[in-house]
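The values are calculated or read from the model by the stated rules, or taken from the named source; none is laboratory data. Computed from a predicted model, the values in this text were never measured in an experiment. All Cβ positions, even for glycine, are placed from backbone atoms using ideal geometry, and neighbour counts span all protein chains on display.
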Amino acid sequence: MERGGCLSRANGGLIISADRPNERGQPAGEAALGEAEDASRARVKAAALARFRLASPPHLISLGFGSGLFPRAPGTVGTLWAWCVFVALEDWLAPHHWLLLIATSFLIGIWACGRTARDVGVSDHSAIVWDEVVAFWLVLAFLPTDWFTQLVAFALFRFFDIAKPPPIGVVDARLKGGFGIMFDDLLAAFFTLLLFAIWRAAGF
C-alpha cells in the first residue's frame, strides 16, 4: 500500500486513509483522540463539581463563598467578588489590618483548597477561587484606591493568572496541594505589582 497525502492506493484503487486531515489540518485520528480527551476532562470536572458542598466550611471558603460556582470564567468572577469585598471593607480596615487578614486568609486557604481538591478528586478545579481572592486583595492593598488603577490591576492580574507566563506556569505545574494552589496566584499578584512599580519608576 502506498500513501499519498490523505489517500492510499491499494489493489489498484483509492481508499480514504485514516490520517485524512480535518479542517484544522489535523489527521482525523488525532482530532478524534483530542476530542475524546476533551470530553473526558469535561466529564471529570462535571463529576467533581457535583461533589462540592457549600455546607462544608473548607468547600465554602475555597469556592469564594459560592462565587466559584459561576458557570463561566469562575476565576474572573471570584476576583470580582474579592474586589467588591475590598471596596466594602476598605473604609473599615487599616492597611496593617488588611495585611493580617491576607496572611491569615492565605494560611486558611492552604488548608481549605487542599482539602477541597482532595474531596472532589481534582488537583486545582476552576471553581476553587480562594487563591484568586487572597492574591487580588494583596494587589489592592498596595495600590491607590481610585477605580481606574484598580481596574487596570484587575486586568493585569487576570492576564498573569490565566496566561501563566514563566515562572508562574512552572510553579503551577510543579507545586501541588493547597500550597501550590495558593502560591501561583501570589506570583500573579507579584508581577502585577511589579508592573505598577516599573510604571511609577518611569515617571508615569
- [ ] Return the residue satisfying two criteria in turn: it lies in the stretch 160-176 and is charged (D, E, K, R) and over 21 Å from residue 86 (Cβ atoms), and of such residues it is surrounded by the fewest Cβ atoms within 10 Å (Cβ to Cβ).
- [x] 174
- [ ] For residue 84, state whether it is exposed (fewer than 14 other Cβ atoms within 10 Å of the Cβ) and at pLDDT 95 or above.
- [x] yes
- [ ] Please work out if residue 124 is at pLDDT below 95 and more than 23 Å from residue 164 (Cβ to Cβ).
- [x] no
TODO: Would you point out the residue of the stretch 111-139, among those that are surrounded by fewer than 20 Cβ atoms within 10 Å (Cβ to Cβ) and not charged (D, E, K, R), that is nearest to the chain's Cα centre (by Cα)?
DONE: 126
Task: Matching entry among 179, 157, 148 (being in a helix (DSSP H, G or I) and surrounded by 20 or more Cβ atoms within 10 Å (Cβ to Cβ)) - done: 157
Open item on the list: Looking only at the stretch 70-124, how many residues end up being in contact (Cβ under 8 Å) with a residue 24 or more places away in the chain, part of a loop (DSSP other than H, G, I, E, B) and farther than 19 Å from residue 157 by Cα?
Closed with: 4
